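Chemist: Dropping the structure in here first, questions after.
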């Protein structure tokens, strides 16, 4: 499927469908399985400096056909222990992007150096988790902090750096510009949207943490709008994320400006076999619209305005 091959900041992927960072990439076996079932690349679970248990249950709530609300609390085994999981995925031939989270620029830089040693092809900086105190969007909503973090990581490693941005802001374009000016090689957009579910019987929030992050079909219009806006503001490639479950969803992201997309919540229903379905369908769509390569489709909707 050469028509589907894509490049993001110098990294070539066999197709644009990447396993999104999250609960589906907790282990090396899960990353390897996604690769075997057709993912163009895999993004690890966000990894921190030390083992983190995360929030108590319940941490995930299915919201009908809208999607999922989750507040996991960034549970992870820590960089020291997760390196073995990456090694397992790479042994199976997976193209692995390492996701990291930290509380400040110094911690991000230290983690980036450690992640680089695992053999990943790029780093995705989680500046956007909406429910972890002191991390994610709490620091990633400030363009000055985004600049500081990205600059520190770029000075620490040679790998391409992707800044994963939050939609929980009044101007994601400004965050993208700050990341690009600091040296980011690509922008990932978006992470989950902050939300809340309440049990009408108990009158308490459904999730133990209270607020969570909404993912799935409900946030697709938000993700598309963010990618569209970012495409007009920066020159670096964009990785689109949010509500992608069909080839048509992916095609919309591409023509809005994304060079690749990440798939997460849809896997809870379709499983890893969904990657093959998405690739076959997208290839038909590209052919139908007269695109000989995926790159020709990127940003196409901007050219017909």
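Chemist: Do we find that residue 39 is within 15 Å of the chain's Cα centre (by Cα), outside any helix (DSSP H, G or I), touching a residue at least 24 places away in the same chain (Cβ under 8 Å) and under 24 Å from residue 239 (Cα atoms) in this structure?
Modeler: Yes: the conditions hold for residue 39.
Chemist: Another one. Quick check on my filter: what residues within region 76-106 are part of a loop (DSSP other than H, G, I, E, B) and either out of contact with any helix residue (DSSP H, G or I) (no Cβ under 9 Å at 6 or more places or on another chain) or at positive phi (or both)? Break it down stepwise before answering.
Modeler: Going residue by residue through region 76-106, those that are part of a loop (DSSP other than H, G, I, E, B) are 77-78, 92-95, 101-104.
Answer for region 76-106, where residues must be part of a loop (DSSP other than H, G, I, E, B) and either out of contact with any helix residue (DSSP H, G or I) (no Cβ under 9 Å at 6 or more places or on another chain) or at positive phi (or both): 78, 93.
Chemist: Now, a different point. Among (1) in contact with a strand residue (DSSP E or B) (Cβ under 9 Å, 6 or more places away or on another chain); (2) touching a residue at least 60 places away in the same chain (Cβ under 8 Å); (3) surrounded by fewer than 24 Cβ atoms within 10 Å (Cβ to Cβ); (4) closer than 22 Å to residue 278 by Cα, where does residue 97 come up short?
Modeler: (3)
Chemist: Considering region 141-166 alone, what residues qualify as being surrounded by 20 or more Cβ atoms within 10 Å (Cβ to Cβ), in a loop (DSSP other than H, G, I, E, B) and modelled with pLDDT of 95 or more?
Modeler: Listed by number, the residues that qualify are 159, 160, 165.
Chemist: Hey, can you tell me all the residues within region 181-215 that are free of Cβ contacts under 8 Å to residues at least 40 places away in the same chain and in a strand (DSSP E or B)?
Modeler: The answer is 198, 199, 204, 205.
Chemist: Okay, next question. Among the residues of region 110-134, write down those that are more than 19 Å from the chain's Cα centre (by Cα) and assigned to a helix (DSSP H, G or I).
Modeler: 110, 113, 114
Chemist: Taking region 221-250 on its own, how many of its residues are in a helix (DSSP H, G or I) and surrounded by fewer than 21 Cβ atoms within 10 Å (Cβ to Cβ)?
Modeler: Number satisfying all stated conditions: 6.
Chemist: Given the conditions (1) surrounded by fewer than 24 Cβ atoms within 10 Å (Cβ to Cβ); (2) at pLDDT 95 or above; (3) not in a helix (DSSP H, G or I), report the number of the one that residue 286 does not fulfil.
Modeler: Failing condition for residue 286: (3).
Chemist: Would you call residue 112 closer than 18 Å to residue 178 by Cα and either buried (at least 24 other Cβ atoms within 10 Å of the Cβ) or touching a residue at least 24 places away in the same chain (Cβ under 8 Å) (or both)?
Modeler: So residue 112 does not fit the description; no.
Chemist: To continue, here is another question. Since residue 268 meets every condition but one in (1) closer than 24 Å to residue 180 by Cα; (2) in a helix (DSSP H, G or I), which condition does it not meet?
Modeler: For residue 268, the failing item is (1).
The values are calculated or read from the model by the stated rules, or taken from the named source; none is laboratory data. Given the structure is predicted, the values throughout are model-derived calculations rather than measurements. Ideal geometry is used to build each Cβ from the backbone, glycine not excepted, and the neighbour counts take in all protein chains shown.
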